[in-house]
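Enquirer: Supplied in C-alpha cells, the structure appears directly below.
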Amino acid sequence: MQMSGAQMVCEAIIAEGVKTVFGYPGGAIMHVYDEIYKQNGFEHILTRHEQAAVHAADGYARATGEVGVAMVTSGPGFTNAVTGLATAYMDSIPLVVISGQVPLSLIGTDGFQEIDAVGISRPCTKHNFLVRSLEELPRILKEAFYLARSGRPGPILVDIPKDITVDVGEFKYPDSVHIPSYKPTYKGNNRQIEKAVDAIKKAKKPLLYIGGGAVLSNAYKLVRELAEKTQIPAVETLMARGVMGAKNPLLLGMLGMHGNYASNMAMSETDLVISLGARFDDRVTGKLSEFAKYADVIHIDIDPANIAKLVDVDYPIVGDVAQVVQKMLPMLEDVNTDRYQAWREILKRYDELHPQSYVDSDEVIKPQWAIERLGELVGEEAIITSDVGQHQMWAAQHYPFDRPRQWINSGGLGTMGFGFPAAIGAKRAYPEKTVINITGDGSILMNVQELVTAAEYKIPVINVILNNHFLGMVRQWQTFFYEKRYSETDLTFQPNWKALAQACGGIGYDVTTKEEFDAALKDAMAQNKVCFMNVAIDRFENVLPMVPAGGALFNMMLPPKIENDGEEK
Amino acid sequence: MANSNNERRVISVVVMNESSVLARVTALFAGRGYNIESLTVAPIPNSDKSHITIETKGNARVMEQITKQLHKLIPVYKVIEHEEMVEKEMVLVKFPIGTNMSDIAALAAAYNGGIVNVGPEMVVAQVADEPKRVKHFIEAAERYNPCEIVRGGVVAIER
Ligand SMILES: Cc1ncc(C[n+]2csc(CCOP(=O)(O)OP(=O)(O)O)c2C)c(N)n1
Ligand SMILES: [Mg+2]
C-alpha cells in the first residue's frame, strides 16, 4: 500500500499493538502528528515535557512488560528525552522512542533544531537508527520493536528526517526480522545447568540473589517454585522487590547499601550465591573484595557481558532466567532441604537480632510508618512508583510488595523526577488499579508540570510527598560524612502544595497526623483526581541500615532499637 | 587471572558495513575507558561486512569485557581475540633529499621494505612488517632525521 513515512510510523505502532503513545510535537515531527490526528488505532497523551513522555512510556512498559512508545521532535525535543532514554537503558526497559530530525539535505549543516541524536544517544540506548531512506523505514521500525523487547531489553531510538516522513512509498510491515549479527541466547547450556544444580545440592549455605532480570523475564512463579522446592533463602535487589512476595517466609529482604541486617549477613556468609538476573551493582555489593567472600557463584544472566564483569563466577549460565530455572526445577526433585536447615536458622536469628525497624512517634509522622500504613490500606492491589532519595529506600524497605511489576523505580540511573510520569504511564496501562507515587519534596518538582497532563487526561495518580524539607538523601550523607554541613540541601522554602495541585486541576492535602493521613488517602481514592498528599515527616530521619559507600556489606550502621522497657537504645 | 598485567592484545571485529558502525565501536572504547593503541578498518571483499582490527591493552578481565561489550553491539558479527596470528603493520617515512639514499635503501631493505617515492625535495621509504620490527625500523630511521613518519595500524589474521 502507498503511504507517507509519517503514516508508516503510525501503522507500525498499530501493528505492534501499542495502545498508548506519549509525546510532544514540534517542527520536525509534525507530519507524524498530522497522521496521529487522522488515525484511531492508538491514543496519544501530550505530556508537558519530553522527559516526562519517555518516563511515562517507561512506566507503561514496566507495569505491563510491553514495549513503551514515546515521540519527540528534533533538537531540544530530543535532548529533553535523553534522561528518559538513559533511565530506561540502565534498568533494561523496552522502549521505542521516535524523534524527528531535520531533512536529510540539512543534516550536518547546523540547521535549525538539528542535533546529532544518534551520536548523543549511542551510550544510553541498546541501539539507535538514523533513517536514511523511506525504503528502509518499515524494516527499521520492525527491528526497533524487536530489539527493544528481545534479549536483554532496552530503549531504541529511531531518528527520522522530516522529508522521509513526507515522502510516499510502498508500505509492507515485515512479518519477521533478519539481523544475523544479533542472536540472544535464551536457553542456557545444559551442561552448565547440571553443574550448577550439582553445586546447589552440595552447598550448605546457598542463597538466592534475585535481581531485576527476574522481573524482566517474567520468571517470578518459577523463582518462587525454586525457593519453595529447595527451601533456600532469598534476598532481592532494589529492582526485584515483589518477586518473592513480602509474605514469603524464605525472603530475607532487600540487600545492599540499605539492605536489612539478615540479607547483608546472608550474602556475607553464604557458600553459594545463586544469582538470578542480578548484576552485582556497587550499591548492592559494597566492597567487592568482601562481597560473598566465602561463596562460589552461579550467575544466570541473559547478557554475557554482565557475567564475571565484577566478581569471579564459577558457574556462568548465559540465558533467560525463566528458561534456565525451568530447566533446573526437575533436576532438583531429589534435593535434600534439611541440608540447609542450620543455615536458615542462623539467618532467622540474624533477623531477630536486627529486624527492619524504626522508632515510631506520636508527635510527628515517621516516613516508615507512612509506607507501612500505605501497605495496610492499599497493599497488594496498588502499583507503587517512586522518585529517588530517602523516600525511595523507605518504600523499598517497608512496603509489602506482593508481586513483580508492582514496584516501579529508577534503580540504575537514580533519576529524580521519574516517579510521577512513570505513575501516569502505569495508571494508563491499568486504569482500575490504584497507582501511588511515593516521592520527596525535591523530586516531585522535577516533573511537577505533569499535574496538568494528569488532570487533563483524568489520570488520577496519587502523589504521596514524604516531605522532610530537605534533599533528604544528600542531607543524610552530609550528616554522616560531611560533619553536618548542609550545603544546598535545605528545602525550607516550599511551594504551597495544595494550591499548586489545585492550580493545575488536581487536589491537595496537607497531612501532619496519622489520622489526617488515613483521611486524605481515603478521600484521594474516592475523588479520582490527580493529587498531592503533602505529608510532613520527621526532618532528620535517616535511612538505616546503611553500608557506607565502598564499605563491606557486614559493616552496617544499624537503626536504634526499642528495648522492652520502651526506651530507645 | 584478573591480576595479570596490562598485556598488548589484538582484536578483530567483523561488523555490518553500515554508516556509524565505526563510531559505535570507538565510542564503546572511549565510554568504558578502554585503550585503543591502533585501529584499522576496511570492507571485506565481496561482502556487506567490514573488518576492524584493534590493538589494545588490558588485563584478562578487561579483555573479556571488551570482547563481550563489542559482541553486544547490534551490527557486530564476530569478535576474535587473536592468539595465534600473523600480524603486519605498515609505515611510511619521509626523508629530506640530502639524506644518503643508499643508507636508507639498505635500511628499508633490511626490514623487507624499500624506497617507494623520490621527489625533488624528499624520498619516501616504506616498510610493512611485524609491529615489533616496524618499531625497530623507525628507531633506526630516526638517526637520519626524517621529516615525517606515518604509521598504519596493525592488521592481523588468525593462523
Ligand atoms: C536528577 C537528579 N539530580 C540529583 C540527584 C541526586 N540526589 C539523589 S537523592 C537526592 C535528594 C532527593 O530529595 P527528595 O526528593 O526530597 O527525597 P528525600 O531524600 O528527601 O526523601 C538528590 C539531590 C539525583 N538522584 N537525580
Ligand atoms: Mg525531601
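Enquirer: Can you give the percent of C-alpha pairs in chain B whose distance is more than 26 Å? Please report the intermediate quantities before stating the final value.
Expert: Details: 4932 of 12561 pairs.
Cα-Cα pairs of chain B separated by over 26 Å account for 39 percent.
Enquirer: How much net charge surrounds residue A:403 when only other residues with a Cβ under 14 Å from its Cβ are counted (Lys, Arg +1; Asp, Glu -1)?
Expert: Summing Lys/Arg as +1 and Asp/Glu as -1 gives +3.
Enquirer: Under 16 Å between alpha carbons, and skipping anything fewer than 8 positions from residue A:172 in its own chain: which aspartates and glutamates qualify?
Expert: Partners found: A:11, A:16, A:135, A:136, A:143.
Enquirer: Can you tell me the FRET efficiency between residue B:143 and residue B:117 if r is taken as the Cβ-Cβ distance and R0 is 25 Å, rounded to the nearest 0.05?
Expert: After rounding to 0.05, the efficiency reads 0.75.
Enquirer: Over 20 Å between C-alpha atoms is what I'm after, so list which of B:49/B:72; A:204/A:287; A:348/A:561 land there.
Expert: A:204/A:287
Enquirer: Ok, one more. Testing the spin-label approximation: label points 7 Å from Cα along Cα→Cβ at residue A:499 and residue A:181. State their distance in nm.
Expert: Label-label distance for residue A:499 and residue A:181, simple model: 5.8 nm.
Enquirer: Right, another one. In whole angstrom, note down how far apart the Cα centers of region A:98-139 and region A:396-436 are.
Expert: 31 Å
Enquirer: What 222 nm value per residue comes from the helices of chain A, counting each DSSP H run with n ≥ 4 as -39,500 (n - 2.57) and dividing by all residues, nearest 500 deg cm²/dmol?
Expert: -10500 deg cm²/dmol, from helical runs alone.
Enquirer: Describe numerically, in nm with one decimal, the distance between label points set 7 Å from Cα along Cα→Cβ at residue B:78 and at residue A:360.
Expert: Once both label points are built, they end up 6.6 nm from each other.
Enquirer: Quick one: what does P(r) look like for chain A with 20 Å bins over all Cα pairs, in whole %?
Expert: P(r) over chain A, rounded to whole percents: 21, 51, 26, 2, 0.
Enquirer: Would you mind estimating how fast region A:190-353 diffuses translationally, via Stokes-Einstein at 20 °C and 1.002 mPa s with the Kirkwood radius over Cα pairs, in µm²/s?
Expert: So the translational diffusion coefficient is about 140 µm²/s.
Enquirer: Where does each of A:354, B:136 land when they are ordered by accessible area, with a 1.4 Å probe and the largest first? Mind dumping the intermediate values first?
Expert: On the way: A:354 45, B:136 80 Å².
From most accessible down to least: B:136, A:354.
Enquirer: Moving to a separate point now. For residue A:525 and residue A:112, calculate 0.36 nm times their separation in residues minus their Cα-Cα distance, and state this gained length in nm to one decimal.
Expert: On the way: separation 413, 0.36 × 413 = 148.68 nm, distance 4.62 nm.
The span from residue A:525 to residue A:112 would gain 144.1 nm if fully extended.
Enquirer: Continuing with this model, one more query. Leaving ligands, DNA and RNA out of it, rank A:168, B:86 by accessible area with a 1.4 Å probe, largest first.
Expert: Values: A:168 95, B:86 65 Å².
Ranked from most to least accessible, the order is A:168, B:86.
Enquirer: Rounded to whole Å and sorted largest first, list the principal axis extents of the Cα atoms in region A:122-219.
Expert: 66, 24, 21
Enquirer: Hey, another quick one. So how many Lys-Lys pairs in region A:420-524 land under 20 Å Cα to Cα, not counting same-chain pairs under 8 apart?
Expert: Qualifying lysine pairs in region A:420-524: 9.
Enquirer: Let me ask something else about it. Quick query: amide H of residue A:402 versus all other amide H atoms, modeled in the peptide plane; which residues come in under 5 Å with a sequence gap of 5 or more or a different chain?
Expert: A:246
Enquirer: While we're looking at this one, here's another question. Whose amide H sits under 5 Å from the amide H of residue A:365, counting only residues 5 or more places off or on another chain, with H placed in the peptide plane?
Expert: A:538
Enquirer: Let me check I have the definition right: for region A:173-241, take the eigenvalues of the Cα gyration tensor, multiply each by 5, take square roots. What are those semi-axes in whole Å, largest first?
Expert: Over the Cα atoms of region A:173-241, the semi-axes work out to 30, 18, 10 Å.
Enquirer: Give me the accessible area of residue A:504, 1.4 Å probe, in Å² rounded to the nearest 10.
Expert: About 40 Å², ignoring ligands and nucleic acids.
Enquirer: When Lys and Arg each count +1 and Asp and Glu each count -1, what net charge do the other residues less than 9 Å away from residue A:332, Cβ to Cβ, add up to?
Expert: Once positives and negatives cancel, what remains is 0.
Enquirer: Sticking with this structure for a sec: Please compute the length gained on full extension between residue A:336 and residue A:133, using 0.36 nm multiplied by the number of residues separating them and subtracting their Cα-Cα distance.
Expert: Details: separation 203, 0.36 × 203 = 73.08 nm, distance 6.14 nm.
Contour length minus the Cα-Cα distance gives 66.9 nm.
Enquirer: So what does residue B:77 come to for accessible area, using a 1.4 Å probe and Å² rounded to 10?
Expert: Surface accessible to solvent at residue B:77 totals approximately 60 Å².
Enquirer: Taking the Cα atoms of region B:86-158, report the difference between the largest and smallest coordinate on each principal axis, in whole Å and largest first.
Expert: Ordered largest first, region B:86-158 gives principal extents of 42, 18, 16 Å.
Enquirer: Positive end of the charge dipole of the protein assembly as shown (Lys, Arg +1 and Asp, Glu -1 on Cβ, about the Cα centre): tell me which of A:59, A:556, A:295 has its Cα farthest that way.
Expert: A:295
Enquirer: So, one more: I'd like the Karplus ³J(HN,Hα) series for region A:284-291: coefficients 6.51, -1.76, 1.60, θ = phi - 60°, whole numbers in Hz, and an x wherever there's a Gly or Pro.
Expert: 9, 7, x, 4, 4, 5, 9, 6
Enquirer: Once fully extended, how much extra length lies between residue A:353 and residue A:558, figured as 0.36 nm per residue of separation less the alpha-carbon to alpha-carbon distance?
Expert: Result: 72.7 nm gained on full extension.
Enquirer: Continuing with the same structure: Only loop residues by DSSP count here, and only those with at most 15 other Cβ atoms within 10 Å; note down the chymotrypsin sites (Phe, Trp or Tyr not before Pro) in region A:212-309 that meet that.
Expert: Here the chymotrypsin sites (Phe, Trp or Tyr not before Pro) that fit, given the DSSP loop and packing criteria, are A:294.
Enquirer: Based on the inverse mean of 1/r over its pairs of different Cα atoms, what is the Kirkwood hydrodynamic radius of region B:4-83, in Å? Walk me through the intermediate numbers first.
Expert: Numbers: mean 1/r = 0.0792 Å⁻¹.
Taking the inverse mean of 1/r over all distinct Cα pairs, region B:4-83 comes out at 12.6 Å.
Enquirer: For region B:13-83, with all protein chains present and a 1.4 Å probe, just round the carbon and sulfur fraction of the accessible area to a whole percent.
Expert: Result for region B:13-83: 51 percent of the exposed heavy-atom area is carbon or sulfur.
Enquirer: Follow-up question, since we're still on this one. Calculate the length of the line joining the C-alpha centroid of region A:36-90 to that of region A:208-270, in whole Å.
Expert: 31 Å
Enquirer: Name the residues of region A:117-150 whose accessible area falls by at least 40 Å² when all protein chains are present instead of the chain alone, probe 1.4 Å?
Expert: By number: A:122, A:127.
Enquirer: Grab every C-alpha pair in region A:61-111, bin the distances at 5 angstrom width from 0 up to the longest one, and report whole percents.
Expert: Values per bin, smallest distances first: 5, 19, 24, 20, 14, 9, 6, 3, 0.
Enquirer: Distances longer than 19 Å among the Cα atoms of region A:10-59: what percent of all pairs is that?
Expert: On the way: 272 of 1225 pairs.
For region A:10-59, the fraction of Cα-Cα distances above 19 Å is 22 percent.
Enquirer: About the Cα centre of region A:47-186, how large is the charge dipole given +1 on each Lys and Arg Cβ and -1 on each Asp and Glu Cβ? Please answer in debye to the nearest 20. Mind dumping the intermediate values first?
Expert: Numbers: 12 positive and 15 negative charges, 100 e Å.
Using Cβ point charges on Lys, Arg, Asp and Glu, region A:47-186 gives about 480 debye.
Enquirer: For a quick check of your reading of the filter: which GluC sites (Glu not before Pro) in region B:87-146 sit in a DSSP loop and have no more than 14 other Cβ atoms within 10 Å? Please list the in-between numbers first.
Expert: Working: sites: B:87, B:89, B:121, B:139, B:142; in loops: B:121.
Answer in residue order: B:121.
Enquirer: Further, regarding this structure: I need the Debye-formula profile for region A:367-536: one equal scatterer per C-alpha, no solvent, reported as log10 I(q)/I(0) at q = 0.15, 0.16 1/Å, two decimals.
Expert: The calculated log intensity ratios at q = 0.15, 0.16 Å⁻¹ are -0.76, -0.87.
Enquirer: Okay, next question. Between B:118, B:80, B:106, whose Cα lies farthest towards the positive end of the dipole of region B:20-159 when Lys and Arg beta carbons carry +1 and Asp and Glu beta carbons carry -1, centred on the Cα centre?
Expert: B:80
Enquirer: Roughly how big is the protein assembly as shown's charge dipole about its Cα centre, with Cβ charges of +1 (Lys, Arg) and -1 (Asp, Glu), in debye to the nearest 20?
Expert: It comes to approximately 1060 debye.
Enquirer: Using Cα-only point scatterers and the Debye equation, what is log10 of I(q)/I(0) for region A:438-569 at each q in 0.22 Å⁻¹, rounded to two decimals?
Expert: Per q value, in the given order, log10 I(q)/I(0) is -1.22.
Enquirer: Tell me, what HN-Hα J-couplings in whole Hz come from the Karplus equation 6.51 cos²θ - 1.76 cosθ + 1.60 at θ = phi - 60° for each residue of region A:26-42, using x for Gly and Pro?
Expert: x, x, 6, 10, 4, 5, 5, 5, 5, 6, 4, 4, 7, 9, 9, x, 8
Enquirer: I've got another one for you. Give me the mean projected area, in nm² to one decimal, of the convex hull enclosing the Cα positions of region A:276-392.
Expert: Working: hull surface 45.4 nm².
Directional mean of the projected Cα hull area for region A:276-392 stands at 11.4 nm².
Enquirer: Still on this structure, please answer the following. Compute the whole-percent fraction of alpha carbon pairs in region A:1-159 spaced more than 27 Å apart. Display every interim value, and only then the final one.
Expert: Numbers: 1531 of 12561 pairs.
Of all Cα-Cα distances in region A:1-159, 12 percent exceed 27 Å.
The values are calculated or read from the model by the stated rules, or taken from the named source; none is laboratory data. On a predicted model such as this, the values are computed, not experimentally measured, just so you know. Note: ideal-geometry Cβ built from the backbone for every residue, glycine included; neighbour counts use all protein chains shown. Please note that ligands, DNA and RNA were not included when accessible areas were found on the heavy atoms of the full protein model with its side chains. Shrake-Rupley method; radii C 1.70, N 1.55, O 1.52, S 1.80 Å.
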